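> Structure incoming, see below.
Read-outs: derived from the displayed coordinates by stated rules, not from any lab. Keep in mind that what you see is a predicted model, and the values were worked out from it rather than measured. Cβ coordinates were reconstructed from backbone atoms using ideal geometry, including for glycine residues, and neighbour counts include every protein chain displayed.
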Amino acid sequence: MNGVRIEGVKKAYGAVNVIHGVSIDIEDGEFVTLVGPSGCGKSTLLRMIAGLETISDGTINIAGRVVNDVPPKDRDIAMVFQNYALYPHMTVAENMGFSLKLQKTDKAKIKSAVDGAAEILDLTKLLDRYPKQLSGGQRQRVAMGRAIVRDPEVFLFDEPLSNLDAKLRVQMRSEIKGLHQRLKTTTVYVTHDQIEAMTMADKIVVMRDGKVEQVGKPLDLYDRPANLFVAGFIGSPSMNFIPAEWTNGKVVTQGGIELPSASSAGGAIGNRKIVYGIRPEHMTIAASGIPATVSIVEPTGAETVLLLKVGETSVTAVVKDRTTAKPGDRIFLQFQPGAEHMFDAAGGARLS
Amino acid sequence: MSAVEVGNRGRSGPGSARGVYAKAGVLPVFEKQRQRFFWLLLAPVLAILGVVTLLPTLYLLITSFTPLNLANPATAWDFSDPLVNYRTLLTDDRLHNSLWVQAKLSLVTVVLQLLFGLGIALLLNVRTPLMNALRTSFLVPMVLPPIVVAIIWKVLYSPDISPAWWLFQVLGWNIQTPITNAAWALSAIVVADTWEWFPFTMLIILAALAMMPEEQREAAVVDGASTWQLTWYITLPYLKQTLMVAGLFRLIDSIKTFPLIYILTDGGPGSVTEVSNYYIFVQSFSFSYIGYSSAVTMVLLAMIVVLSWVIVRAVSGGSNGDQ
């Protein structure tokens with residue numbers, strides 16, 4: 001198989017384990033993001049794929065070959081670093097052609113490869129500049145150009161957009177996605193930003209504390225998060241969690257408010273304490289329903305974010321319609337039928 | 001780059017505030033008070049500096065216009081022919097020879113110190129306890145008093161007591177000591193001087209290496225660079241500025257070479273190891289020609305000032321050169 005196969009990979013620094021047996025299959029041509037809070041091991045895993053960190057246990061297989069003991073230069077990968085890591089004493093063209101120069105490729109070939117990549121990335125006019133003469137977004141593009149020129153089996157991106165301002169980040173996000181659609185090179189992309197992960201990836205790997213929490217397509221993670229962590233991590237604003245109790249097919253909060261439940265798996269759940277999850281965008285203001293008190297109103301133009309209290313629990317709602325609700329008002333909420341998620345209060349795993 | 005940049009940034013705080021006021025044409029009272037306070041704090045240092053460095057230099061300059069000879073104290077204020085010393089030094093072959101010796105010694109030692117310093121720094125730039133210990137031990141030559149260094153090499157170069165010559169004897173080699181051999185005496189000084197001062201360049205290069213962004217090396221490794229290619233294409237260009245500054249520092253310092261020559265060769269055999277600094281010493285303290293040696297010192301001082309200016313230019317030029 002082409003692509004990347006990670007099997008039971010572990011990483012330990014002395015007695016400290018940072019990655020505890022991670023297995024991920026990445027298909028040929030797939031765009032996979034590793035996402036998770038800082039310290040979850042996603043960058044370490046990427047660096048292990050690149051060969052910049054040793055693998056303590058398990059195997060990493062790139063394009064049908066176990067690469068555990070293969071040095072980075074022979075792994076047929078290219079990496080884009082968070083700080084771009086451009087060589088300051090080389091021009092843009094020299095930066096991009098460096099790997100080919102090391103392979104003793106002849107000059108004409110290097111030039112055509114560099115020109116081709118520059119064309120794709122709109123860098124043609126900047127080829128003679130030095131990195132210090134470029135803006136952040138341009139440097140980012142040069143770093144990508146350096147990767148493209150090599151035409152590798154796998155692209156590795158290590159939080160490549162985190163040094164850019166918000167607007168540029170959105171722009172580069174679609175550029176990278178467009179680039180992938182054009183080149184169809186297998187890509188592993190590390191980010192802590194779930195929006196980046198959602199918008200770009202074919203497949204998302206959510207990690208926490210050196211373990212994989214869930215692997216899936218962006219919308220699958222959004223629609224059916226496997227546990228409380230993924231539910232809270234994917235989506236913005238994050239999913240609301242309301243502690244409740246499941247009794248004979250009814251969900252009742254600790255404050256005695258009954259929450260709607262269309263879950264068909266009711267019988268299988270059994271009576272127990274649960275966490276009831278509902279996304280902010282799945283709530284609407286209605287004439288009747290679940291009573292709530294408005295704490296804060298944040299209009300953003302396209303939609304309005306309402307911070308509410310349902311019983312003792314703080315809840316966020318995002319509504320499309322303009323609202324006249326003011327802090328202190330009592331309103332009623334309707335939840336979109338079937339949009340609720342139920343998690344075991346004890347382990348956090350999805351019920352149903 | 002960062003140190004200089006940070007320095008500039010630090011200065012821009014009060015500086016920019018003053019800039020704003022300067023445009024308006026008046027300084028507010030608190031700003032004037034602050035400036036007065038700064039001057040008050042600086043004054044003692046400036047006064048001491050003036051007394052211990054500027055005044056002696058001035059006296060040196062004045063003396064260089066007299067034919068002062070300690071045997072005849074009246075010559076201290078004899079300004080009848082103020083340029084006599086400067087005319088003499090134009091035709092003084094022994095002085096010219098000393099400048100030539102100085103140039104050879106300086107160039108060769110600086111190049112060797114840079115090469116050894118660089119090589120050893122690259123080898124030592126690995127963070128392990130063993131390497132840390134080694135790093136410290138490599139600094140020993142530099143921190144020893146120069147006269148002790150000279151004595152160590154005097155012992156090493158003396159066949160009767162040198163462990164090296166004991167070894168040569170065991171091996172059956174008959175080798176003459178270089179310090180009494182006109183063809184090899186300067187080389188003997190070069191070896192000792194390089195040993196004494198390569199730790200300095202090594203230290204500066206190690207500091208620069210420690211600040212080198214790790215991602216650049218990693219990018220090159222992923223790009224396919226071998227260790228040699230990494231050093232040649234990435235590390236050395238990164239160190240260019242540092243090497244230049246370290247080299248210029250050593251160049252200036254090399255003009256002040258004295259203990260090694262005084263102890264090892266006395267400037268000899270003949271005058272093959274007589275550098276300008278040593279020649280000045282001989283003129284003043286062996287022959288008591290204080291006036292003439294002051295003039296030679298002024299020339300040397302002028303050379304050092306020019307070199308220092310080059311260093312300052314190089315260092316400040318580097319601050320906006322990197323990244």
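> Given B:LYS104/B:LYS154; A:LYS109/A:LYS132; A:LYS177/A:LYS320; A:LYS109/A:LYS167; A:LYS104/B:LYS240; A:LYS42/A:LYS326, which pairs have Cα atoms separated by over 32 Å?
Numbers: B:LYS104/B:LYS154 21 Å; A:LYS109/A:LYS132 27 Å; A:LYS177/A:LYS320 28 Å; A:LYS109/A:LYS167 36 Å; A:LYS104/B:LYS240 25 Å; A:LYS42/A:LYS326 42 Å.
Violating the 32 Å limit, Cα to Cα: A:LYS109/A:LYS167; A:LYS42/A:LYS326.
> Still on this structure, please answer the following. Which whole-Hz ³J(HN,Hα) couplings does region A:47-57 yield from phi under the Karplus relation 6.51 cos²θ - 1.76 cosθ + 1.60, θ = phi - 60°, glycine and proline marked x?
Here the 3J(HN,Hα) series is 5, 6, 5, 6, x, 8, 10, 6, 9, 6, 7 Hz.
> What percent antiparallel are the DSSP beta bridges of the protein assembly as shown, to the nearest 5? Walk me through the numbers on the way to the answer.
Working: 60 of 78 bridges.
Once the DSSP bridges in the protein assembly as shown are tallied, antiparallel ones form about 75 percent.
> Could you give me the ³J(HN,Hα) list for region A:127-136, computed from phi with Karplus coefficients 6.51, -1.76, 1.60 and θ = phi - 60°, whole Hz, x at Gly and Pro?
Result, ordered by residue: 4, 8, 7, 9, x, 5, 8, 10, 7, x Hz.
> Using a 10 angstrom cutoff on alpha carbons, build the Gaussian network for chain A and name the most mobile of A:THR59, A:THR324, A:THR199.
A:THR324
> Can you tell me which of A:ALA317, A:ALA108, A:ALA143 moves the most in a GNM of chain A? Springs connect C-alpha atoms under 10 Å apart.
Evaluated over chain A, the most mobile residue of the options is A:ALA108.
> Under the Karplus relation 6.51 cos²θ - 1.76 cosθ + 1.60, θ = phi - 60°, what is the ordered set of whole-Hz ³J(HN,Hα) values for region A:308-316, x standing for Gly and Pro?
Running phi through 6.51 cos²θ - 1.76 cosθ + 1.60 with θ = phi - 60° gives 10, 10, 10, x, 9, 9, 7, 9, 10 Hz.
> How large is log10 of I(q)/I(0) for region A:4-232 at q = 0.12 Å⁻¹ when the intensity is taken from the Debye formula with one equal scatterer per alpha-carbon?
With no solvent term, the Cα-only Debye profile gives -0.65.
> Taking each residue in A:94-106, count the Cβ atoms of any other chain within 10 Å of its Cβ, then average. What number comes out?
Per residue, the number of nearby Cβ atoms from other chains is 3 on average.
> For a quick check: with amide H placed at 1.01 Å from N, whose amide H comes under 5 Å from A:MET207's, ignoring anything fewer than 5 positions away on the same chain?
A:VAL35, A:GLY36, A:GLU213
> Tell me, what is the FRET efficiency for A:LYS217 and B:MET131 to the nearest 0.05, using R0 = 41 angstrom and their Cβ-Cβ distance as r? Let's see the in-between values first.
Working: r = 49 Å, r/R0 = 1.19.
Efficiency at R0 = 41 Å is approximately 0.25.
> Please arrange B:MET142, B:MET211, A:MET283 by how many other C-beta atoms lie within 10 Å of their C-beta, fewest to most.
Details: B:MET142 17, B:MET211 12, A:MET283 25.
Neighbour counts put them in this order, fewest first: B:MET211, B:MET142, A:MET283.
> Using modelled amide H (1.01 Å from N, peptide plane; none on Pro or chain starts), what sits under 5 Å from the amide H of A:LEU259, excluding residues fewer than 5 places away?
So A:LEU259 has HN proximity to A:VAL251, A:VAL252, A:THR253.
> Give me P(r) over the protein assembly as shown, computed from all C-alpha to C-alpha distances, binned every 20 Å, as integer percentages.
All Cα pairs considered, the percentages come to 13, 30, 29, 18, 8, 2, 0.
> Using unit Cβ charges (K, R positive; D, E negative) and no other charged atoms, how large, in debye to the nearest 20, is the dipole of the protein assembly as shown about its Cα centre? Before the final figure, lay out the partial values.
Details: 59 positive and 56 negative charges, 205 e Å.
Using Cβ point charges on Lys, Arg, Asp and Glu, the protein assembly as shown gives about 980 debye.
> Moving on. Ignoring everything except DSSP H segments at least 4 long, calculate the 222 nm mean residue ellipticity for chain A; use -39,500 (n - 2.57) per segment, divide by total residues, nearest 500.
Mean residue ellipticity, 222 nm, calculated: -7500 deg cm²/dmol.
> Another one. Assuming a viscosity of 0.890 mPa s and a temperature of 25 °C, what translational diffusion coefficient in µm² per second does Stokes-Einstein assign to region A:81-181, Rh being the Kirkwood radius over Cα pairs?
Values: Rh = 13.6 Å.
The Stokes-Einstein estimate is 180 µm²/s.
> How big is chain B in terms of Cα radius of gyration and Dmax, in angstroms?
25.3, 85
> Can you give the calculated 222 nm mean residue ellipticity of chain B, where each DSSP H run of n ≥ 4 adds -39,500 (n - 2.57) and the sum is split over every residue, rounded to the nearest 500 deg cm²/dmol? Display every interim value, and only then the final one.
Numbers: 15 runs with 226 residues, N = 323.
After summing the helix terms and dividing by the residues of chain B, the value is -23000 deg cm²/dmol.
> Can you compute the FRET efficiency between B:LEU60 and A:SER135 using 1/(1 + (r/R0)^6), with r the Cβ-Cβ distance and R0 = 51 Å? Round to the nearest 0.05. List each step's numbers first, then the result.
Working: r = 54 Å, r/R0 = 1.07.
Given R0 = 51 Å and the Cβ-Cβ separation, E is 0.40.
> When the Cα centres of region B:45-106 and region A:127-175 are compared, how far apart do they sit, in Å?
Centre-to-centre (Cα) distance: 62 Å.
> List A:THR316, B:THR53 from most exposed to least, where exposure is judged by having the fewest other Cβ atoms within 10 Å.
Ascending number of Cβ neighbours within 10 Å: B:THR53, A:THR316.
> Mind checking which of A:PRO218, A:PRO88, A:PRO37 has the largest fluctuation in a GNM of chain A, springs on alpha carbons under 10 Å?
Checking each option, the largest mean-square fluctuation is seen for A:PRO88.
> Hey, another quick one. Based only on Cα atoms, what mean projected area does the convex hull of region B:170-323 have, in nm²? It would help to have the intermediate numbers written out before the result.
Working: hull surface 54.8 nm².
Averaged projected area of region B:170-323's Cα convex hull equals 13.7 nm².
> Dipole of chain B, Cα-centred, from +1 at each Lys and Arg C-beta and -1 at each Asp and Glu C-beta, to the nearest 20 debye? Please report the intermediate quantities before stating the final value.
Values: 18 positive and 17 negative charges, 212 e Å.
Magnitude of the dipole: close to 1020 debye.
> Just the ratio, please: alpha-carbon radius of gyration of region B:249-317 over 2.2 N^0.38 Å, N its number of residues.
Details: Rg = 14.0 Å, N = 69, 2.2 N^0.38 = 11.0 Å.
It is 1.27.
> Sort B:GLU218, A:GLU258 by Cβ crowding within 10 Å, fewest neighbours at the top. Mind dumping the intermediate values first?
Working: B:GLU218 19, A:GLU258 11.
By the 10 Å Cβ count, ascending, the order reads A:GLU258, B:GLU218.
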